[in-house]
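Each reported figure results from applying straightforward, stated rules to the coordinates on display, with no laboratory input. Note that this is a predicted model, so its numbers are computed, not measured. Because the Cβ atoms are built from the backbone with ideal geometry, glycine has one as well, and the counts that use them run over all protein chains shown.
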């Protein structure tokens, strides 16, 4: 059985990358990753016995990312009169931050597929496992996501594309 | 490779590199354990001082102090008494996950996307007996008949086995309704939960409810005046709010 400490150390960068693609701001991404690993830590006796603890903790991560975005959306509505501060990602260039901003405007499942495929470097089968859907659905989300992005990314920075 | 693909690949490479540069922060449990270690030490030190210094002094001027270490154990979590005293569903040990084909809710038309996604995620986790994942799906305001608040109280599913899981799957396979919540509508299963009186429950709905409740329980709902059995709710923005029974 892999120790939790080793699992945490090995999986942390990959998890953080996915989180950085899913939410604005590095510290928000780090909090998200912490929450996901805490869930695994609390149940490590069981989670470590799963076929893929790696897939499990990524599933928790994308669920938590959705909850966080919902919570932030309600908070944003509540403070919309004063204008919320822009979250910052000093670790990313403006171009990359812009790409993720465009991704954040996609439907949730499409965002997840993009993050897991491009940043997480997961196979279609692994993404299907994490997202709890078929490989066909993953391919369909990915195809639609690219279609959507073709328009928004071109508008955002035509020169880059 | 398309231009979109190139842009995404570039962004992904940079993001992975940025993530690699970040050192893993100590997990909150480690920091908390460290803090708790100091707090425990401080508390123990204070008790020792109290025991060897203050107590004898107090004993001379008043009633004897209670013995150090005579701590009352924390109360057990309050468990809402469930009206469910018997069930037609056989329980199985939590370690097994038999086929739940008979409790396989189909997608529902007309639900808001966020509600449908949460419902689908609950169904997927429940059908694979992934109780840990179910815990993570529960929102911060989640409440259940198992006591307490938040997602942690779902951990009792690890001991309860399949019974609540099958109940949950059966619920999500029934007709739904909406009730007003603190911040928008809450989508509830079964629809009977939204009715003011037990008389409003249709025969078809009774047949559905018979999958999780006995005739005796139906009688108790009639006596109470409304449906008080198992129900679950998801807020319109997709937060899983409750899975509860009783009043």
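Placing a pseudo-label 7 Å from each Cα along the Cα-to-Cβ vector at residue A:49 and residue B:113 gives an inter-label distance of 3.9 nm. Partner shielding of A:27-39 amounts to 3, given as the average count of beta-carbon atoms from other chains within 10 Å of each residue beta-carbon.
Shielding of peptide B:20-26 by partners, expressed as the average count of other chain Cβ atoms within 10 Å per residue Cβ, is 6.
When A:62, B:234 are arranged by Cβ crowding within 10 Å, least crowded first, meaning fewest neighbours, the order is A:62, B:234. Classify the range A:4-156 as rounded, prolate or oblate, taking a ≥ b ≥ c as the square roots of the eigenvalues of its Cα gyration tensor: rounded when a/c is under 1.5, otherwise prolate if a/b is larger than b/c and oblate if not. Note, shape of the range A:4-156 comes out oblate.
In terms of the mean number of neighbouring beta-carbon atoms within 10 Å, the peptides B:106-117, A:29-40 order highest first as A:29-40, B:106-117. Look at the stretch A:142-152: the mean tally of other chain Cβ atoms within 10 Å of its residues' Cβ atoms is 2.
In terms of other Cβ atoms within 10 Å, B:204, B:135 run from fewest to most in the order B:204, B:135. Modelled spin labels at residue A:38 and residue A:6, positioned 7 Å past Cα toward Cβ, are 2.6 nm from each other. Extending 7 Å from Cα along the Cβ direction at residue B:179 and again at residue B:106 yields two label points whose distance is 2.7 nm.
Each of A:114, B:122, B:179 was scored by other Cβ atoms within 10 Å of its Cβ. Arranged with the fewest first, they read B:179, B:122, A:114.
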